[in-house]
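A.B. asks: I'd like to ask you about the structure that follows.
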Amino acid sequence: QVQLVESGGGLVQAGGSLRLSCAASGRIFSINAMAWHRQPPGKQREWVASITSGGSTNYADSVKGRFTISRNNDKNTVYLQMNSLKPEDTAVYYCYAGNVVERYWGQGTQVTVSS
């Protein structure tokens, strides 16, 4: 099992920044990719960004150039730096960790961007 705990959400004005953190514990040696997903109000959960164990990153087009995913392997933590936030970024943000057979999710952290 892998446990994921997110933090760093909150209320911010449009144009502002937030940094989300996801601390992983447990059988983390089994994980080869981590990611952030989000679920806007009344919509389905969507992928935001991902990072592999080797450090390769990918981003959804909607956040490319504004968000940066990174990881600190010593702290078993993944971050999502969010800049130039827009009201449409309002969502519950979830941390994800997995491999080909396992999937783990955090409890989610609310990000609200006011116009």
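The values are calculated or read from the model by the stated rules, or taken from the named source; none is laboratory data. Predicted model only: the values in this text are computed from it and were never measured. With ideal geometry, Cβ positions are generated from the backbone for all residues, glycine too; neighbour counts draw on all protein chains shown. Surface areas here come from the heavy atoms of the whole protein model, side chains and all, with no ligands, DNA or RNA. Shrake-Rupley method; radii C 1.70, N 1.55, O 1.52, S 1.80 Å.
A.B. asks: Can you say whether Lys75 is out of contact with any Leu (no Cβ under 9 Å at 6 or more places or on another chain), open to solvent by 10 Å² or more (accessible area, probe 1.4 Å), modelled with pLDDT of 95 or more and not in a strand (DSSP E or B), as far as the supplied structure shows?
C.D. replies: Spelling it out, it is not the case that Lys75 is out of contact with any Leu (no Cβ under 9 Å at 6 or more places or on another chain), open to solvent by 10 Å² or more (accessible area, probe 1.4 Å), modelled with pLDDT of 95 or more and not in a strand (DSSP E or B).
A.B. asks: Failed condition for Asn58, given (1) under 22 Å from Arg27 (Cα atoms); (2) open to solvent by 20 Å² or more (accessible area, probe 1.4 Å); (3) in a strand (DSSP E or B), with all others met?
C.D. replies: Answer for Asn58: the failing condition is (1).
A.B. asks: Additional query: Just for the stretch 32-50: of the residues that are open to solvent by 20 Å² or more (accessible area, probe 1.4 Å) and not in a strand (DSSP E or B), which one is farthest from Asn73 (Cα to Cα)?
C.D. replies: Result: Gly42.
A.B. asks: Further, regarding this structure: Does Thr68 meet the test of being open to solvent by 60 Å² or more (accessible area, probe 1.4 Å) and within 11 Å of the chain's Cα centre (by Cα)?
C.D. replies: Against the criterion (open to solvent by 60 Å² or more (accessible area, probe 1.4 Å) and within 11 Å of the chain's Cα centre (by Cα)), Thr68 qualifies.
A.B. asks: Same structure, new question: Please work out which one of (1) without any contact (Cβ under 8 Å) to a residue 40 or more places away in the chain; (2) surrounded by 13 or more Cβ atoms within 10 Å (Cβ to Cβ); (3) not aromatic (Phe, Trp, Tyr) is the condition Ala24 fails and give its number.
C.D. replies: (1)
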